[in-house]
Structures are given as structure tokens and as C-alpha cells.
Amino acid sequence: MHDATPGYVPAVLEANRKLVVAIDGPAASGKSSTAQWVAEKLGFRHVDSGALYRAITAARLRAGGSPDEWSEPSVLAVARQVSLRPVERGFVALIRGENADGEIRGGEVTREVSRVARMQSVRDWVNAEVRRAASGHDVVVDGRDIGTVVFPDAQLKIFLVADPWERAKRRLVQRLSRRPTDAEIAEETERLVQRDARDATQTVQARDAVLIDTTYLTQSEQVERIVALARGVTSRRGATSPVDGEADSR
Ligand code: CDP
């Protein structure tokens, strides 16, 4: 006999279901680096959905023309040049089969990526790629709408926030490898706040997400919190998983 309640999953299937940890949040809230580190500690794979939006934007920039005039079909057409290559603990976004990490993290892509991310057919394409990459693995997936749209049934959802000034400072330290000046932080804060506004519709905190404000946390503290929550999930469902045994000292 089956329970016909929508969303009902028999206990035996639930225990075998792969674990999805969804990490969402605004620009430069530390999602990707945190997700990568959490995945490493849990022995999961990391999928960075933002890298796909960035790679599509870079591919469209290569094709030329003014971004104001990019049509949705022309953006979707170049999405086919983008793919994810599995690496040891996650995936790298490729353009025409080649790593373009420097290009996709650059200023021009960061400026234009939100307009691409607002196109529904592009979102559908990215979501399908992310689900395909995640399929069959325990994963940590980071983005804006992972816990609401891409994996609404994720067993653990985190929403990371931090004060914009702090986010800007962290992003600059990462980019410049030195202490930024207050003027540099102010300028970066302005850019982040503008991008947050452009991304507002797709940045949604799931109702069942755990909100973590990282303004006063070190990265290692926020990673430990998420890892502890993930271990709680696996022990509650009684599954034997790498989460229960593995720990590193990073
Ligand atoms: O790391 P950062 O917060 O700068 O951004 P990212 O995660 O690399 O994402 C780059 C852009 O992709 C964002 O500004 C959003 O426009 C878009 N994005 C999205 O719309 N939905 C996602 N799930 C992930 C990223």
C-alpha cells in the first residue's frame, strides 16, 4: 500500500536518497567558498550554479554586440558552448571545452551576469545542468534559488547573509590579496548593493532554510555550523554516509 499524500516518500527510499545541501544568499556572501569547503569536509561534490551563469555571460560577451541588445535566444544559443567538467570534488565550468575561470570571474562578466540570469529559458537550462551534475551524488550546491527552485526538497537549506561592507571587504581581500582601503571597500559595496538589487527576484530564502549571518563569523566557524547541521540530518535519517565518519582538520 502506498500513501498517496503529495510529497510522501517511503522511509526506505528516503534513507537511500542522495543528500542535497543547498546554500543560497546574496552576492559575495561567501556561498561558493563555503560550499566548497563544506563539500570537502563531508566528502560530497560541490556544484557552483553561479559559475554556469558567469560562463554563459562570458560566452555571450565573446560573441560581441552591446549587452543592452542581447536577445534571450542569442544568449541561450551560446549556453550550448558551456559545460561542466567533473574534477575531484566538484565541477569546473568550461566554454567550448576549455577552462575560462579567470574570464568568468572578471569585472565585465560580473557587471553583465544579472541580465543573463533574469532570462527564464537560461535559468531553465542552468537548472537542468545543475540537476544533471548533482544526480546520483551527495552534493553541496550554491546559488540564489537552489533551496526554492532547483532542489525544493533538499534535506538541508542554508541562507547566508552578511553586512554589505563586510562582504565587499572579503571579496576585495580575495581579489587583491592585500588589505583594501576604505575607499576601495566603499566602491565595491556600491557595486554589490546594485547587483543585489538586480538579482533580487531570483534570490529567495526558502521558508525552511537556516539563516546564518556571517558578518561576525570566521569562515571556519560558518563551515563548522553547516557541517554540524548536515551531520544532524544524516544521523536523523540513520544512513551510513561519509558524513558520519569523515572529518578533516582544515
Ligand atoms: O559569488 P557571487 O555572489 O559574486 O556570484 P555567483 O554565485 O558567482 O553568481 C553570479 C550571478 O549569477 C549572480 O549575480 C546572479 O545574477 C546569478 N545567479 C543566479 O541568478 N542564480 C543562481 N542560482 C546563481 C547565480
Out of all the residues in the range 123-137, is one or more aromatic (Phe, Trp, Tyr) and either more than 19 Å from the chain's Cα centre (by Cα) or at pLDDT below 95 (or both)?
no
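So that you can scan it fast, the table gives a plain yes or no per residue for (1) basic (Lys, Arg); (2) open to solvent by 60 Å² or more (accessible area, probe 1.4 Å); (3) at pLDDT below 95; (4) under 21 Å from Phe151 (Cα atoms):
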position	(1), (2), (3), (4)
Gln202	no, no, yes, yes
Arg207	yes, yes, no, yes
Leu211	no, yes, no, yes
Val223	no, no, no, yes
Ile226	no, no, no, yes
Thr234	no, no, yes, yes
From the option list Ala35, Ala58, single residue qualifying as assigned by TED's automatic domain parsing to the domain that holds Lys157 and closer than 21 Å to Gly143 by Cα is Ala35
With the structure loaded, tell me whether Arg105 is open to solvent by 40 Å² or more (accessible area, probe 1.4 Å), touching a residue at least 60 places away in the same chain (Cβ under 8 Å), within 30 Å of Asp138 (Cα to Cα) and assigned by TED's automatic domain parsing to the domain that holds Arg131 or whether it fails that test.
no
How many residues does the range 130-174 contain that are among the charged types (D, E, K, R), within 23 Å of Val92 (Cβ to Cβ) and more than 11 Å from the ligand (Cβ to nearest atom)?
3
Any residue at all in the range 163-185 that's open to solvent by 50 Å² or more (accessible area, probe 1.4 Å), closer than 14 Å to Pro26 by Cα and among the aromatic types (Phe, Trp, Tyr)?
yes
Looking only at the range 26-69, count how many residues are of a type in the set (Phe, Trp, Tyr) and either assigned to a helix (DSSP H, G or I) or under 21 Å from Arg171 (Cβ atoms) (or both).
2
When the residues of the range 27-71 are narrowed to those that are open to solvent by 20 Å² or more (accessible area, probe 1.4 Å), of a type in the set (Gly, Ala, Ser) and closer than 20 Å to Ser121 by Cβ, which ends up nearest to the ligand (Cβ to nearest atom)?
Gly50
Open to solvent by 70 Å² or more (accessible area, probe 1.4 Å), part of a helix (DSSP H, G or I) and within 14 Å of the ligand (Cβ to nearest atom): is that true of Arg123 in this structure?
no
Find all pairs meeting these conditions: Cβ atoms under 7 angstrom apart; at least six residues apart or on different chains; first residue within the range 182-203 and over 13 Å from Ser114 (Cα atoms); second residue among the basic types (Lys, Arg) and more than 8 Å from the ligand (Cβ to nearest atom).
Ile185/Lys169
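The values are calculated or read from the model by the stated rules, or taken from the named source; none is laboratory data. Model, not experiment: these values are computed from the prediction. In this analysis, Cβ positions are derived from the backbone assuming ideal geometry, glycine residues included, and neighbour counts consider all displayed protein chains. When the accessible area is computed, the model is the full protein with side chains, heavy atoms only, and any ligands, DNA or RNA have been set aside. Shrake-Rupley method; radii C 1.70, N 1.55, O 1.52, S 1.80 Å.
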